[in-house]
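Here's the structure we're looking at; comments come further down.
The values are calculated or read from the model by the stated rules, or taken from the named source; none is laboratory data. Remember, predicted model here, so these are calculated numbers, not experimental data. Reconstructed Cβ throughout: ideal geometry from the backbone, glycine too, with neighbour counts over all protein chains shown. Areas reflect the complete protein model, heavy atoms only, side chains present, ligands, DNA and RNA absent. Shrake-Rupley method; radii C 1.70, N 1.55, O 1.52, S 1.80 Å.
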Amino acid sequence: MTDAVLVFNPGSSSIKFALFEISPELRRIASGAIEGIGTAPHFLARDSTKAVVAEQRWPDGTHEDFLATLLHWAEDQLGGHRLVAAGHRIVHGGAQFIQPVRLDEAAIDALEKLSPLAPLHQPHNISVIRAVAKLRPDLAQIGCFDTAFHATMSATTRRFALPRAFEEEGVRRYGFHGLSYEYIAGRLREVAPREAGGRIIAAHLGNGASLCALQNGRSVDTTMGFTALDGLMMGTRCGALDPGVPLYLMRRHGMDAAALEDLFYNRSGLLGVSGVSADMRALSASAEPRAREAIDLFVFRIAREIGALAASLGGLDGLVFTAGIGENSPEIRRLVCARTAWLGLTLDETANRSAEGRISTADSRVAAWVIPTDEEIIIARRTIAVTA
Ligand code: ADP
């Protein structure tokens, strides 16, 4: 009998999923998403040829309603095969969770305590886990953490220059997008084994965006910190900000924590600067000068942080672009590479127009690649390893 695992990758208002057959090898049978949670919930699943195989809309509903449909659909797909586990991408594992774990009641409680550190994602993650536990109490549930990959960062890299008591209670840099970076590090070993052993910066540029400095495939530094707000400018998040700014906003505009959270997570970044959209495609197509200014700032921040991470690595051998913008926008890649030329990177303009592979010239001292990420397969592999 062939077993299967269902992988959950929740965003702030969506639940992406993927269904994998386990034997003889991991194979993605189908994937899709429940989107518009809180507005107009919509379930869509596609098979491995990208053909739509299921679709449903709801006027509204709870996580339990949506997941009941999804689990029912997943089991239908398996034609009598067994769904043996659910694997979850979990944004914040704090200091405690640096390996995938079985999500029992104690683990879920511990994760709930980390919700203030990832207010957009963690409560949503936990709702999915709880709904699945209620619907299928027999199903093993495994959590895989976005923070865990960065557990290899040094104590100095993790530390904020605050009094020690705060560090002792967990106020330190964790880093995120770790499942994506784990995939990229593994894939780079296949695509470019010689360079993969060196000093690499991976750029995960999606709605959320960060960079990771990899030394021999291990994280030594990253741009996100205590929360997923730090570092680069993002779709709606501000990225690194002088801590004096929130102090000013509190005093001058009377903003409290909830107002600042909404401003920094939902109304800043590409959306806030352009006033047009959080979506890079819309900004690229816009004639509005502020859309161009938002793109300029996005690129400037990436280039500046590449410089910082190159310093953490003591030099640079390669740069990898991934995620929605990194994989699909030759324009952003070209602009970033132009600002990175001083490090010895020469872009191959023709290769840059293609979707995947090496995009630097043969004689470029620093290599660059586009590598599509796959967080779901990492979750599926880890889930199987824990349940085996
Ligand atoms: P998430 O962080 O939600 O997983 P994605 O990795 O899917 O996000 O990235 C979403 C971003 O990718 C959006 O800003 C979107 O505009 C951008 N994107 C997707 N396709 C393209 C494209 N062809 N050109 C430019 N940007 C794109």
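If the requirement is being buried (at least 17 other Cβ atoms within 10 Å of the Cβ) and either without any contact (Cβ under 8 Å) to a residue 24 or more places away in the chain or in contact with an Asp or Glu (Cβ under 8 Å, 6 or more places away or on another chain) (or both), which of these qualifies: ALA341, ALA291, ALA310?
ALA291
Inspect segment 277-284 for any residue being surrounded by fewer than 16 Cβ atoms within 10 Å (Cβ to Cβ), more than 14 Å from the ligand (Cβ to nearest atom) and of a type in the set (A, V, I, L, M, F, W, C) and give the result as yes or no.
Checked segment 277-284: no residue is surrounded by fewer than 16 Cβ atoms within 10 Å (Cβ to Cβ), more than 14 Å from the ligand (Cβ to nearest atom) and of a type in the set (A, V, I, L, M, F, W, C).
Could you figure out which of (1) open to solvent by 60 Å² or more (accessible area, probe 1.4 Å); (2) within 16 Å of the ligand (Cβ to nearest atom); (3) not small (Gly, Ala, Ser) isn't true of PRO59?
(2)
Hand me the list of helices (runs of 4 or more DSSP H) wholly inside segment 147-231 holding 1 or more residues that are within 16 Å of the ligand (Cβ to nearest atom).
Counting at least 1 such residues, we get 178-191.
Pairs please, first residue from segment 314-332 and at positive phi, second anywhere and open to solvent by 50 Å² or more (accessible area, probe 1.4 Å), Cβ atoms under 8 Å, 6+ apart in sequence or on different chains.
GLY314/ARG199; GLY315/ARG199
On the basis of being aromatic (Phe, Trp, Tyr), open to solvent by 40 Å² or more (accessible area, probe 1.4 Å) and either more than 16 Å from the ligand (Cβ to nearest atom) or out of contact with any strand residue (DSSP E or B) (no Cβ under 6 Å at 6 or more places or on another chain) (or both), does TRP369 make the cut?
No, not satisfied.
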